[in-house]
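Structure first, commentary second.
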Amino acid sequence: QTRSLLGVFEEDAAAISNYINQLFQAMHRIYDAQNELSAATHLTSKLLKEYEKQRFPLGGDDEVMTSTLQQFAKVIDELSSCHAVLSTQLADAMMFPITQFKERDLKEILTLKEVFQIASNDHDAAITRYSRLSKRKENEKIKAEVTEDVYTSRKKQHQTMMHYFCALNTLQYKKKISLLEPLLGYMQAQISFFKMGSENLTEQLEEFLTNIGTSVQNVRREMDCEVENMQQTIEDLEVASDPLYLPDPDPTKFPAHRNLTRKAGYLNARNKTGLVSSSWERQFYFTQGGNLMSQARGDVAGGLVMDIDNCSVMAVDCEDRRYCFQITSFDGKKSSILQAESKKDYEEWICTINNISKQIYLSENPEEIAARVNQSALEAVTPSPSFQQRHESLRPAVQSRPPAARTSSTGSLGSDSTALSALSLDSLVAPDTPIQFDIISPVSEDLPGQAKSSGQSGRRTNPFGESGGSKPETEDSILHQLFIVRFLGSMEVKSDESPDVVYETMRQILAARAIHNVFRMTESHLLVTCDCLKLIDPQTQVTRLRFPLPNVVLYATHQENKRLFGFVLRTSGGRVESHQTSICYIFESNNEGEKICDSVGLAKQIAFHAELDRKATEKQKEIDRVKEKQQKELNKQKQIEKDLEEQSRLIAASSRSNQSSTEGQFVVLSSSQSEDSDLGEDGKKKRESE
């Protein structure tokens, strides 16, 4: 909690630094502009005074113009003096306070942050060396040196931390002063500037500035009082915390509590890296009901380590390390070896886990029942070298059937979780809306004649758009981006118009997971293309879910935890037939939430422009078809006219030929008649016979 709160203060300090830098640049521009104005005014006055010395080829001696310009030069010179005074006042009253805050106070925060980080790293290194101490007596000198190193580093870290926290708290007051003092100085300089030319200033403005000055003084006095109180608190804490700097305090002064049913603190966990090699990792462990949880530094929540109901816990000798104990699950299939920092923590952890394993935390009087098992807990504190072998022999046989899971992969928030539904916003998410915590993957590949839903596909997909024989579905897409995501859950929402829908869905799904102890998440590859979003199984490359890109109507990243992101999918059907419903899907990524949202936005933009290009291409093709049809009609008309002209020529030629043939027949007939008249009767008969 302290480090989380420190992160908030450091984020606030970074925001203050960014804003102050921008404000400093703006005020510096005002100061530079005022200096430039003062210099330009002085230069103008100087040039006006030199007018009488100028010799213009077309201008004569004009005494009136010269005297007028001299008067202007005098007035502008006085104005230049006023601007110079204003520049000096701006430098002292406006630029100096904000420069001091920027160069001194903000840099002090950065320096203390670096010193605190160095002290924290030194403390971690000292704790690591202390954890590696041997129990042999010949190492007492080394033990004393390491203990002194831990004491010094822990004290240094604590003192540095308190001074760093004091500076962060003081920064909140200095921020107000650094914002108000420059503005107050700026306004007072401007008023002084205007008073040089005119005394007609309203009393209301002067009263306002007086009130601002009084407020600044009050804030300064309040800051001084707060700093004094924090300094006194630091001194008191230094005196009270001195015994706590020792890693292994005196058990007589700090006795162990053996009746605990809840425990939290840092432990070293052994992780096997090979057959005979292992490594130790320091993490924060805590109990939650009948579960042992762990949380690494920087994580937003803890993860399940082991179910410690009906478990066994015993002290062990491990790699020549002190204060080691082993926890074994009730079925003997899972065990974990942990190391405590001190003997007090060591005994308290063993007693607490013993109490939890007997389910004492579920009873009405856990302290009375815990007192009865203290004797067995005290026996467990004594290390036993042969415990591991004896425990292996007592471990039950492995069952052929796996034990039932503690939680289901899917859950519903109905009447049993009224506390959670009461916190939801009815305008965004309907109460009693079921939540799906897992992805329902397709069992088989594409089967002929089998209908698929709009959001699922079982086809094996290559995420990079390459395949051996068939053409991939997204081959024409110019965008292929792959991300590693983990599915948190999905639920139906009432609205898809505001990012608040995604934020509220994230809150409800995370709360439901915490309430129902759902810790398992399905890891997938999210493929973003210009056509759709796909969830692909990383092992089999089978498409688990397919989301058409036009149906993705809203997407957003969590405002604080950038690893969380979600999108709203609009589909047909749902609780009411023939009615469009909206489903919000929530995922966790590896610090890539904003990048995924940017990729989805780019895909939708590319798809939009592609649709515009397609429509423009179709329109151009339609215009080309119309033009081609018109050209064909025109060519056909020309061909018809050409055929008509050809027929006309043929008809005219035929008419001329018929006329010539008729005239020839007439001439032949006439000659025949004349010959017949000359031949007589016998000749006519002979000709007729011929």
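Using r as the Cβ-Cβ distance of Asn169 and Tyr266, and R0 as 35 Å, what FRET efficiency do you calculate, to the nearest 0.05? Intermediate results must be reported in sequence, preceding the final value.
Working: r = 27 Å, r/R0 = 0.76.
The calculated FRET efficiency here is 0.85.
Assuming R0 = 35 Å, what is the FRET efficiency of Val85 and Glu50, from their Cβ-Cβ distance, to the nearest 0.05? Could you put the intermediate results ahead of the total?
Working: r = 24 Å, r/R0 = 0.70.
Approximately 0.90, to the nearest 0.05.
Return the FRET efficiency for the residue pair Lys334, Lys629: r is the Cβ-Cβ distance, R0 is 60 Å, and the value is rounded to the nearest 0.05. All intermediate terms of the calculation are to be shown ahead of the outcome.
Working: r = 79 Å, r/R0 = 1.31.
Efficiency for this residue pair is about 0.15.
When the Kirkwood radius is taken over all Cα pairs of the stretch 480-608, what Stokes-Einstein diffusion coefficient follows at 25 °C and 0.890 mPa s, in µm²/s? Show your work: numbers first, answer last.
On the way: Rh = 15.0 Å.
Estimated via Stokes-Einstein, D reaches 164 µm²/s.
Rounded to the nearest whole Å², what accessible area per residue is found for the stretch 480-608 with the 1.4 Å probe?
Values: 5580 Å² over 129 residues.
With all protein chains present, the stretch 480-608 gives 43 Å² per residue.
Mind ranking Ile234, Ile651 by accessible surface for me, highest first, 1.4 Å probe? The partial results should precede the final answer.
Values: Ile234 15, Ile651 110 Å².
Correct descending sequence by accessible area is Ile651, Ile234.
Find how much the distance from Ala653 to His28 grows on full extension, using 0.36 nm per residue of separation minus their present alpha carbon separation; answer in nm with one decimal. Can you show the working numbers first?
Values: separation 625, 0.36 × 625 = 225.00 nm, distance 10.12 nm.
Additional length available on full extension: 214.9 nm.
Taking H as built 1.01 Å from N, whose amide H comes closer than 5 Å to the amide H of Leu428, not counting residues under 5 places away?
For Leu428, no residues qualify.
Can you list the lysines whose alpha carbon is less than 23 Å from that of Lys135, not counting same-chain residues fewer than 8 positions off?
List returned: Lys143, Lys253, Lys272, Lys343, Lys344.
Contour minus end-to-end for Met65 and Glu368, with contour as 0.36 nm per residue of separation and end-to-end as the Cα-Cα distance? All intermediate terms of the calculation are to be shown ahead of the outcome.
Numbers: separation 303, 0.36 × 303 = 109.08 nm, distance 10.88 nm.
That pair, Met65 and Glu368, stretches by 98.2 nm at full extension.
With +1 on each Lys and Arg Cβ and -1 on each Asp and Glu Cβ, how big is the dipole of the stretch 480-608 about its Cα centre, in debye rounded to the nearest 20? Could the numbers behind the result be given before it?
Numbers: 14 positive and 14 negative charges, 54 e Å.
That gives the stretch 480-608 a dipole magnitude of about 260 debye.
Would you work out what percent of the accessible area of the stretch 264-364, with all protein chains in place, is carbon or sulfur (probe 1.4 Å)? Before the final figure, lay out the partial values.
Details: 2100 of 4360 Å².
Answer for the stretch 264-364: carbon and sulfur cover 48 percent of the accessible area.
At 7 Å along the Cα-to-beta-carbon direction for both Gln295 and Glu497, put a label point, then send me their distance in nm to one decimal.
3.9 nm
Averaged over every viewing direction, what's the projected area of the C-alpha convex hull for the stretch 264-364? Give it in nm², one decimal, please. Before the final figure, lay out each step's value.
On the way: hull surface 28.0 nm².
For the stretch 264-364, the mean projected area of the Cα convex hull comes to 7.0 nm².
Only four residue types carry charge here, +1 at the Cβ of Lys and Arg and -1 at the Cβ of Asp and Glu. Report the dipole size of the stretch 264-364 about the Cα centre in Debye, rounded to the nearest 20.
Details: 11 positive and 13 negative charges, 47 e Å.
Here the stretch 264-364 has a charge dipole of around 220 debye.
Assuming 0.36 nm per residue, please report the length gained on full extension of the stretch Leu244 to Arg282 beyond their Cα-Cα distance. Could the numbers behind the result be given before it?
Working: separation 38, 0.36 × 38 = 13.68 nm, distance 1.95 nm.
Gain on extension, Leu244 to Arg282, equals 11.7 nm.
Please enumerate, by chain and number, the lysines with C-alpha under 21 Å from the C-alpha of Lys627, excluding those fewer than 8 residues away in the same chain.
Lys615, Lys619, Lys636, Lys638
Select from Leu612, Val600, Val626 the residue farthest towards the positive end of the dipole of the stretch 595-636; place +1 on Cβ of Lys and Arg, -1 on Cβ of Asp and Glu, and compute about the Cα centre.
Val626
Give me the net charge for the shell around Asn271: Cβ to Cβ below 15 angstrom, other residues only, Lys and Arg +1, Asp and Glu -1. Kindly include the intermediate steps, with their values, before the conclusion.
On the way: positive: Arg270, Lys272, Arg282, Arg321, Lys334; negative: Glu281, Glu319.
Charge balance near Asn271 sits at +3.
Roll a 1.4 Å probe over the protein chains and send me the accessible area per residue for the stretch 264-364 in Å².
On the way: 4360 Å² over 101 residues.
On a per-residue basis, the stretch 264-364 sits at 43 Å².
Can you work out D for the stretch 1-69 in µm² s⁻¹ from Stokes-Einstein, where Rh is the Kirkwood radius over C-alpha pairs, the temperature is 20 °C and the viscosity is 1.002 mPa s?
D = 126 µm²/s.
Leaving out ligands, DNA and RNA but keeping every protein chain, what accessible area does Phe608 have, in Å² rounded to the nearest 10, with a 1.4 Å probe?
Accessible area, nearest 10 Å²: 120 Å².
Using only protein heavy atoms and a 1.4 Å probe, report how much of Arg282 is accessible, in Å² to the nearest 10.
For Arg282, the solvent-accessible surface is approximately 90 Å².
Any lysines with Cα under 19 Å of the Lys494 Cα? List them, leaving off those in the same chain fewer than 8 positions away.
Those lysines meeting the cut-off do not exist here.
Provide Trp280, Trp349 ordered by accessible surface of protein heavy atoms (probe 1.4 Å), highest first. Before the final figure, lay out the partial values.
Working: Trp280 55, Trp349 5 Å².
The ranking, largest first, comes out as Trp280, Trp349.
Express in Å², to the nearest 10, the accessible area of Phe487 obtained by rolling a 1.4 Å probe over the protein heavy atoms while all chains stay in place.
Here the accessible area works out near 0 Å².
Roughly to the nearest percent, how much of the accessible area of the stretch 480-608 is carbon and sulfur, given a 1.4 Å probe?
Numbers: 2690 of 5580 Å².
Carbon and sulfur: 48 percent of the exposed surface of the stretch 480-608.
Show Cys225, Cys318 ordered by accessible area, largest first, where the area counts protein heavy atoms only and the probe is 1.4 Å. Could the numbers behind the result be given before it?
Numbers: Cys225 70, Cys318 5 Å².
The ordering from most to least exposed comes out as Cys225, Cys318.
The values are calculated or read from the model by the stated rules, or taken from the named source; none is laboratory data. Note that the structure is a prediction, hence the values are computed from the model and not measured. Neighbour counts run over all protein chains shown; Cβ positions are idealised from the backbone, glycine included. Calculation scope for accessible area: heavy atoms of the full protein, side chains included, ligands and nucleic acids excluded. Shrake-Rupley method; radii C 1.70, N 1.55, O 1.52, S 1.80 Å.
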